[in-house]
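Read the structure below first, then the notes.
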Amino acid sequence: MQRHSSRIELSLKALQNNLDFIRSKVGDDPVISSVVKANAYGHGIEQFVPMAEECGIRHFAVASSFEAEEVLSARTTDADIMIMGILYPEDLPWVIRQQIEYFVYDFHRLERSVEVAKEVGQKAHIHLELETGGNRTGMEQDKLAETIDHIKEHTEHLELEGVCTHFAGIESLSNQFRIQQQKQLFDQMCQQITGAGLYPNRRHTACSAAVLAFPETVMDMVRVGTAQYGLWPSPDIYNLHLIQKHKTTDRTLQQVLSWKTNIMHLKEISEGEYIGYGTAYQAQRDMLVAVVPLGYGNGYARSQSNKGEVIIRGQKAPIVGSINMNVFMVDVTDIEDVKIRDEVVLIGKQGEQSISIRSFTEVTDAINNEFVSRLPTAIPRTVVS
Ligand SMILES: *Cc1c(COP(=O)(O)O)cnc(C)c1O
């Protein structure tokens, strides 16, 4: 295979650290469902799933049957797979045959599940998602009685793997009132379900932010994306963690992903000349500029133009001029001995220096998850220890 213009490295050690950290927060019992939607938040399902399995993960959550299939072919154990999002009715027979778990958030899906399970001759493994105020997907309270009856009538064809809900913005302190209301409604609806003699295998509500800072949301399973990759969901959550730290652990999250390339070309520029397209950058002195072989076509945000930086030979090199589709330029005038092919760290560590995803998105005004989940699938990913 010919070389790509950049590469992504995934640290097994960082992932193990993060999962240990999450485990210390949730305690021994809850199942940690590793959320790997959006190509494992850009880390690459194919590489990430076996890594997570190596760290003990046996449950994965995705957002579509397409992603479920990717996990199915990437997994190296009999880990469970759960679809939280879109599931076209056409895919239902496949999903049931593969014993893939999925969210049910409307009555129609529930009825179809029974019918298809009968046809296939296997139980449908469902998680009943409850509407608690997120107003995205979720079964409404006024349909609950009917839903409970239908499930009880068809237990031969349905396995109620879970009852769950998703919080609407628990990473932000300003949403806490709404979250408390969601939690109350969830508890109330759960009571209605068990009161009717229906017992789900697991209850689950917590995403990363909930796991990191709101222990009362941790139930039989947690659905963790952001945190396992070593990203803090928000400054609020990081601060809450710091306040609670003495109760749990000294560990902290470590970024799993690094992104690297090499210097493609070096160019001497005279004072007064412009670099790259247009007049985005004019040299104020004689300069040495390194050309880096990737750009916005590879997920490197254009808003980094004249703002971001990379690491070369253990030193920060500022971006000069605009990010082009497949190249951008950095100032290496003050870095000694720079050569073509030198390693360029876009995200990650080199020597004493590091560039975090957070510092990167600070410049581009994207949220961390937005940035990583958009990293092109074509960039090769490798696992490092
Ligand atoms: C994406 C998602 C999660 C994971 O959220 P993080 O904040 O990344 O941990 C959990 N539950 C549902 C329903 C999701 O869609």
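The values are calculated or read from the model by the stated rules, or taken from the named source; none is laboratory data. Predicted, not measured: the structure shown is a model, and the values here were computed from it. Counting neighbours? That spans all protein chains shown, and the Cβs are built from the backbone with ideal geometry, glycine included. These accessible areas exclude ligands, DNA and RNA; they are computed on the full protein's heavy atoms, side chains included. Shrake-Rupley method; radii C 1.70, N 1.55, O 1.52, S 1.80 Å.
Sequence-ordered 3J(HN,Hα) estimates for segment 291-301 from the Karplus curve with 6.51, -1.76 and 1.60 and θ = phi - 60° stand at 9, 10, x, 7, x, 5, x, 10, x, 8, 4 Hz, glycine and proline given as x.
Residues whose amide H falls under 5 Å from that of GLY308, counting only those 5 or more places apart or on a different chain, are ILE319, with hydrogens built in the peptide plane. Taking every protein chain into account, the accessible area of segment 255-299 amounts to 50 square angstrom per residue (probe 1.4 Å). Look at the alpha carbon pairs under 8 Å that are at least 6 residues apart: their mean separation over the length of the chain gives a relative contact order of 19 percent.
The residues of segment 65-117 expose on average 45 square angstrom of accessible surface per residue, using a 1.4 Å probe on protein heavy atoms. Using θ = phi - 60° and the Karplus curve 6.51 cos²θ - 1.76 cosθ + 1.60, what whole-Hz ³J(HN,Hα) does each residue of segment 313-320 get, with Gly and Pro shown as x? So the Karplus estimates, Gly and Pro as x, are 6, x, 10, 6, 10, x, 6, 10 Hz. For segment 99-239, carbon and sulfur atoms together expose 46% of the accessible surface, with a 1.4 angstrom probe and every protein chain in place. Its Cα gyration tensor gives segment 306-361 an equivalent ellipsoid, and the semi-axes of that ellipsoid, as √(5λ) in whole Å with the largest first, are 16, 15, 10. By the gyration tensor of its Cα atoms, with a ≥ b ≥ c the square roots of the eigenvalues, what is the shape of segment 61-118: rounded for a/c under 1.5, prolate for a/b over b/c, or oblate? The shape class here is prolate. Summary of packing: across the peptides 180-190, 99-109, 263-273, the per-residue average of other C-beta atoms within 10 Å ranks them, highest first, as 99-109, 180-190, 263-273. Shown for segment 1-137: lysine pairs separated by 8 or more places, or found on different chains, whose C-alpha atoms are under 30 Å apart, numbering 5. Taking 1.567 mPa s as the viscosity and 4 °C as the temperature, the Stokes-Einstein diffusion coefficient of the chain based on its alpha-carbon Kirkwood radius rounds to 57 µm²/s.
With bins 5 Å wide beginning at 0, the percent of Cα pairs of segment 42-161 falling in each bin runs 2, 11, 22, 21, 18, 13, 9, 4, 1. Our Cα-only numbers for segment 200-264 put the radius of gyration and Dmax at 15.0, 57 Å. Extending 7 Å from Cα along the Cβ direction at GLN176 and again at TYR277 yields two label points whose distance is 4.6 nm. Here the convex hull built on the C-alpha positions of segment 249-385 has a volume of 127 cubic angstrom per residue. The alpha-carbon of LYS339 sits under 27 angstrom from the alpha-carbons of these lysines, leaving out residues fewer than 8 places away in its chain: LYS260, LYS267, LYS307, LYS316, LYS349. For segment 37-48, putting each phi into the Karplus relation 6.51 cos²θ - 1.76 cosθ + 1.60 with θ = phi - 60° gives couplings of 5, 6, 6, 6, 6, x, 7, x, 4, 4, 8, 6 Hz, in residue order, rounded to whole numbers and with x for Gly and Pro.
When the square roots of the Cα gyration tensor eigenvalues are ordered a ≥ b ≥ c, the ratio a/c for segment 276-340 is 1.5 or more and a/b does not exceed b/c, which makes its shape oblate.
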